[in-house]
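Laboratory data are not the source of any read-out in this text; all were calculated from the coordinates shown. These numbers were taken from a predicted model, which means no experiment stands behind them. Backbone-built Cβ (ideal geometry, glycine too); neighbour counts: all protein chains shown.
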Amino acid sequence: MTINEIKEEIERLKKEKDFTILAHAYQSQDIWEIADYIGDSFYLSQKAQEVSSSNVLMCGVRFMAETVKILSPEKTVFLANSIAECPMADQMDKEVIEQLKEDMPDYSVVAYINTTAELKTICDACVTSSSAVKIIKNIPNDKILFIPDCNLGDWVAKQVPEKHLELLRGGCPTHLRITTANVKKAKELYPEALILVHPECHPTVVGLADFVGSTTEIISYAKSSKAKSFIIGTENSIVEHLKFECQDKEFYPLSKDCICHNMKATTLPDVYKCLKGEAGEEILLEEDVIFKARKSIDEMLRLAK
Ligand code: 13P
Ligand code: SF4
């Protein structure tokens, strides 16, 4: 089958089987073209509550599909390709965080949404990259144990100096591939270009950027900016999407190695097979996990208002 034939079949099956397709911004262009909603982790969490179809297919990684299930437990939720895991989500054991909670009873535990549903059950609130600063400002407690991404945590701590953030050593292995040497080289090659990076990058890289934001904030910034060239410090699919969307501007990756193989695991044929009922994984979570994890996600949605 050609790409266009697969796309037509996907559109037909979505209607026939009452599916909504959610896609994270890191998905490839062909998946963007068949998705109903595309965005960053915060936007996808909001959409998870709003969609009216009985089935939802997540093109992203596992914690994103789990978030949909937690927010809409009555829906049947599928992860398009079950090997799509976020390595950061598995970096912190629940038992370790439970012990830290005992040792630090006056701290609120705030988790990046890139965590397992199980870990979310013992957290006070979740954040995403686009909502973290606002949420940390709005949390009544001044003492925060921020897990698992110490790079995002460092960036948030600098924006909200009135709060004390205790950070652990976790983070995104994809964004850690970007170094200050990459920034130096990119600035030499493209001196006019603005540097836009994700806060999952190392603080030394973030400190050299012209703009720091979530995936969709980077896209919006580049689209609305008067500048004509940009160096992008996040997963390289964003470079591809911006090239499609802004033909009059130039986009360069900060590092050609900033590729998330988990985000890239999902293909258009995976989506097609999942809609046919031949592939994908239905997300099943225990009621108790949904109930407890939901509190931290609801808190995120409330505090981000
Ligand atoms: P955002 O799209 O929320 O910026 O998240 C980035 C990311 O790494 C998702 O896994
Ligand atoms: Fe996880 Fe990083 Fe991949 Fe996002 S880019 S899914 S944080 S490994």
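What whole-number distance in Å separates the alpha-carbon centres of segment 235-302 and segment 164-205? That distance is 21 Å.
Please list, by residue number, everything in segment 238-255 whose backbone N is under 11 Å from a paramagnetic label point 7 Å out along Cα→Cβ of K228. The answer is 248-250, whose backbone nitrogens lie closer than 11 Å to the label point. 3J(HN,Hα) couplings calculated from phi for segment 149-155 with the Karplus curve 6.51 cos²θ - 1.76 cosθ + 1.60 (θ = phi - 60°) are, in sequence order, 8, 6, 6, 4, x, 4, 5 Hz; Gly and Pro show x. The packing ranking, built from the mean of other Cβ atoms within 10 Å per residue, places the peptides 147-156, 218-227, 129-138 in the order 147-156, 129-138, 218-227, highest first. Checking the cross-link pairs K158/K228; K163/K223; K101/K295; K243/K276; K14/K264; K7/K243 against a 27 Å limit on the alpha carbon distance flags K158/K228; K163/K223; K243/K276 as lying beyond it. Under the classification rounded if a/c is under 1.5, otherwise prolate if a/b is larger than b/c and oblate if not, where does the chain fall, given a ≥ b ≥ c as square roots of the Cα gyration tensor eigenvalues? Taking the square roots of the gyration eigenvalues as a ≥ b ≥ c, the chain is oblate. Look at the alpha carbon pairs under 8 Å that are at least 6 residues apart: their mean separation over the length of segment 82-198 gives a relative contact order of 23 percent. Dividing the summed -39500 (n - 2.57) terms of all DSSP H runs of n ≥ 4 by the residue count of the chain sets its mean residue ellipticity at 222 nm at -12000 deg cm²/dmol. Using 1/(1 + (r/R0)^6) with R0 = 41 angstrom and r between the beta carbons of D36 and E162, what's the FRET efficiency to the nearest 0.05? Given R0 = 41 Å and the Cβ-Cβ separation, E is 0.55. The residues packed around E287, meaning those with a beta-carbon under 15 Å from its beta-carbon, carry a net charge of +1 if Lys and Arg are +1 and Asp and Glu are -1. For the chain, the Cβ-based charge dipole about the Cα centre amounts to some 860 debye (Lys, Arg positive; Asp, Glu negative; other atoms uncharged). Bridging of K187 to aspartates and glutamates at a Cα separation below 12 Å is possible for D210, once same-chain residues fewer than 8 apart are set aside. A simple packing score, the average count of other Cβ atoms within 10 Å per residue, orders the peptides 284-294, 95-105, 253-263, 233-243 as 233-243, 253-263, 284-294, 95-105, with the highest score first.
What net charge is computed for the residues neighbouring I238, neighbours being all others with C-beta under 11 Å from the C-beta of I238, Lys and Arg scored +1, Asp and Glu -1?
Counting the neighbours of I238, the net charge comes to -4.
In this calculation the C-beta distance from E16 to A279 is compared with R0 = 30 Å, giving a FRET efficiency of 0.95. Near S214, once Lys and Arg are set to +1 and Asp and Glu to -1 for all other residues with Cβ below 13 Å from its Cβ, the sum equals -4. Computed from backbone phi with θ = phi - 60° and the Karplus coefficients 6.51, -1.76 and 1.60, the 3J(HN,Hα) list for segment 297-305 is 6, 4, 5, 4, 5, 6, 6, 7, 6 Hz; x is used for glycine and proline.
Give the residue list of GluC sites (Glu not before Pro) in segment 152-229 that are DSSP loop and have at most 14 other beta-carbon atoms within 10 angstrom. Taking segment 152-229 and a limit of 14 other Cβ atoms within 10 Å, the loop GluC sites (Glu not before Pro) found are E162, E192. Pairs exceeding 30 Å between alpha-carbon atoms, taken from K185/K226; K94/K185; K47/K120; K120/K256: K94/K185; K120/K256. Here segment 27-41 is scanned for amide nitrogen atoms under 16 Å from the site 7 Å beyond the Cα of K264 along Cα-to-Cβ, giving 27-31. The gain in end-to-end length when the F211 to E8 segment is fully stretched comes to 69.3 nm, 0.36 nm per residue minus the alpha carbon separation. Using the Cβ-Cβ distance between E50 and E95 with R0 set to 35 Å, the FRET efficiency from 1/(1 + (r/R0)^6) comes to roughly 0.50.
What would the Debye formula give as log10 I(q)/I(0) at q = 0.27 Å⁻¹ for the alpha-carbon point model of segment 90-159, no solvent? Cα-only, vacuum Debye calculation for segment 90-159: -1.39.
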